[in-house]
1. For region 65-72, state whether one or more residues are over 23 Å from I185 (Cα atoms), crowded, with 18+ Cβ neighbours inside 10 Å, in contact (Cβ under 8 Å) with a residue 40 or more places away in the chain and not polar (S, T, N, Q).
2. Just for region 153-168: of the residues that are open to solvent by 10 Å² or more (accessible area, probe 1.4 Å) and more than 12 Å from the chain's Cα centre (by Cα), which one is farthest from ligand 1 (Cβ to nearest atom)?
Amino acid sequence: MKLDTTTIAALAERLENCQMQQQDTTKITDDYPDMDWDDAYAIQDAIRSRKVARGARVIGLKAGLTSHAKMKQMGVTTPVFGFMTDDYAVPDGGECKVSELIHPKVEPEIAFVTKAELRGPGCHIGAVLAATDFVMPGIEVIDSRYRDFKFDLKSVVADNTSAARFVVGGQPMSVSGVDLRTVGIVMEKNGQAVAFGAGAAVLGHPAAAIAMLANHLAERGQCIPAGSLILSGGITEAVAVQAGDNVTLRVQGMGSTSIRFV
Ligand code: 0L1
Ligand code: MG
């Protein structure tokens, strides 16, 4: 690690304050160009501790930048991992207040719910499918705290991978009932299809993103507990939203989930 604990705590406070006060900031690597991956995840962990200390519950995990479309959109090459707390959850069909966010975008995702612990190293798609209780449609609302969504990978990891809100719903499906590579998705904004694709856009198979998360956590002595909700990453580029927009994600065989921006 290149940063001391005081700096890590200060950067966590800076980024979380931006989130809570809907203010953007420049990327933290501008100030700390030598920070490393451990520093970045340590800042994310410090943000998580601040939220938990205030009574928030961690209710989900996420993989981000798992599709070539997203990587190309953001100019990066590696997936990243983050967490979601209970106040990020929007009920299916519910409202998301844009005034609580900086510059939200939506991503169509496949959400996994596990029934058994997943522990790396060596976690693979087969282990993920065996440990999955069901999958369902999920829309992630991302909201980078960085000005104009301009960041590098370490900055975005520190910023908890832009996590802000999410909705899941539709018809939960067993993984034995669906080929997650060929499953089709359509995301609509105000009734118009704005993004469409298939599960294979996520690392060839969305379960690969969950396996990568388990292997990433193993390097840090952690695992994915049974009963976890995990967003596997955007299948397409993220789509900007504003107040008044209605977004629906339809996933083949799994129904739909939706969110309204007010
Ligand atoms: O969930 C995601 O794919 C987003 C990861 C962070 C990058 C971004 O803000 O677009
Ligand atoms: Mg995402």
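The values are calculated or read from the model by the stated rules, or taken from the named source; none is laboratory data. Given the structure is predicted, the values throughout are model-derived calculations rather than measurements. Here the Cβ is made from the backbone with ideal geometry for all residues, glycine too, and neighbour counts use every protein chain on show. To get the accessible areas, we keep the full protein, side chains included, count just its heavy atoms, and leave off ligands, DNA and RNA. Shrake-Rupley method; radii C 1.70, N 1.55, O 1.52, S 1.80 Å.
1. Taking every residue of region 65-72 in turn, none turns out to be over 23 Å from I185 (Cα atoms), crowded, with 18+ Cβ neighbours inside 10 Å, in contact (Cβ under 8 Å) with a residue 40 or more places away in the chain and not polar (S, T, N, Q).
2. V168
To keep it simple, each residue is scored yes or no on (1) touching a strand residue (DSSP E or B) at 6+ places or on another chain (Cβ under 6 Å); (2) open to solvent by 40 Å² or more (accessible area, probe 1.4 Å); (3) at negative phi.
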site	(1), (2), (3)
V113	yes, no, yes
E117	no, yes, yes
G138	yes, no, yes
F151	no, no, yes
V178	no, no, yes
